[in-house]
Amino acid sequence: MRVRIFLQVLLVVCVVGTIGCDRLTKRMATDRLAGAPSRSFLADTVRLEYAENRGGFLSLGEQLPPLARQVVFVGGTGLLLVVLVVGLMRGSAGIPRRDVSVAGVAFFVAGGVSNWIDRLANGHVVDFIVMRVGPLQTGVFNVADVAILLGAALILVAHATAPAVESPAASND
């Protein structure tokens, strides 16, 4: 019982820490990078440059009219985040109640909430990190995006390693 409570507290600390770190780094990027030239580190493996993303992942939907963007990225994202949290609390919506999956949903929601706050308050998300290794380069992203990808990866791992559940109809044969 104590281990379970410890894990729940740790999860809350991770969620709050993720949102706090994302909010802080976006504020710093806005203060120090907006209007300034990009900054390169480790032979341009990491580059910091200010960008305002009015769309979704990789700026998808950026060309939508402002009202459509609000509906999709504020309304739709907000609804998705609520469904994920409720599904996690109820143990439904295809979310197996395993620690890895719970952590995945928590990180996904933490990143989603932080980006959602930006969209609600400013109409855009601040991105500022670009990574490059040889010819491969990422798009511009932020800490919340890392949390979302980490969460999605943990959910996929949980589903991939979950034991197969036999359906009642199959067990009657």
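The values are calculated or read from the model by the stated rules, or taken from the named source; none is laboratory data. Note that this is a predicted model, so its numbers are computed, not measured. Note that each Cβ is placed from the backbone with ideal geometry, even for glycine, and that neighbours are counted across all protein chains shown.
Exactly one of these conditions fails for Arg4: (1) among the basic types (Lys, Arg); (2) more than 21 Å from Leu120 (Cβ to Cβ); (3) touching a Phe, Trp or Tyr at 6+ places or on another chain (Cβ under 8 Å); (4) part of a helix (DSSP H, G or I). Give me its number.
Failed condition: (3).
For the range 8-19, check the following and say yes or no: at least one residue is farther than 21 Å from Ser101 by Cβ and among the small types (Gly, Ala, Ser). Reasoning before the result, please.
Going residue by residue through the range 8-19, those that are farther than 21 Å from Ser101 by Cβ are none.
Checked the range 8-19: no residue is farther than 21 Å from Ser101 by Cβ and among the small types (Gly, Ala, Ser).
So Leu11 clears everything in (1) assigned to a helix (DSSP H, G or I); (2) within 18 Å of Gly139 (Cα to Cα) except one condition, right? Which one?
(2)
So which residues in the range 64-76 are buried (at least 16 other Cβ atoms within 10 Å of the Cβ) and in a loop (DSSP other than H, G, I, E, B), if there are any at all?
The one that is buried (at least 16 other Cβ atoms within 10 Å of the Cβ) and in a loop (DSSP other than H, G, I, E, B): Leu64.
Cβ-Cβ under 7 Å, sequence separation 6+ or interchain: first residue in the range 140-162 and farther than 20 Å from Val85 by Cα and without any contact (Cβ under 8 Å) to a residue 60 or more places away in the chain, partner assigned to a helix (DSSP H, G or I) and not aromatic (Phe, Trp, Tyr). Which pairs?
none
Yes/no matrix, rows are residues, columns are (1) in a loop (DSSP other than H, G, I, E, B); (2) under 30 Å from Leu11 (Cβ atoms):
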residue: Asp22; (1), (2): no, yes
residue: Ala29; (1), (2): no, yes
residue: Arg47; (1), (2): no, no
residue: Leu58; (1), (2): no, yes
residue: Glu62; (1), (2): yes, no
residue: Gly78; (1), (2): no, yes
residue: Gly87; (1), (2): no, yes
residue: Ala103; (1), (2): no, yes
residue: Gly111; (1), (2): no, yes
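Among the listed residues Leu7, Leu11, Leu42, which satisfies the condition of being more than 20 Å from Arg119 (Cα to Cα) and in contact with a helix residue (DSSP H, G or I) (Cβ under 6 Å, 6 or more places away or on another chain)?
The conditions single out Leu11.
Condition test on Ala103, is it modelled with pLDDT under 95 and out of contact with any Leu (no Cβ under 6 Å at 6 or more places or on another chain)?
Judged against the criteria, Ala103 is not a match.
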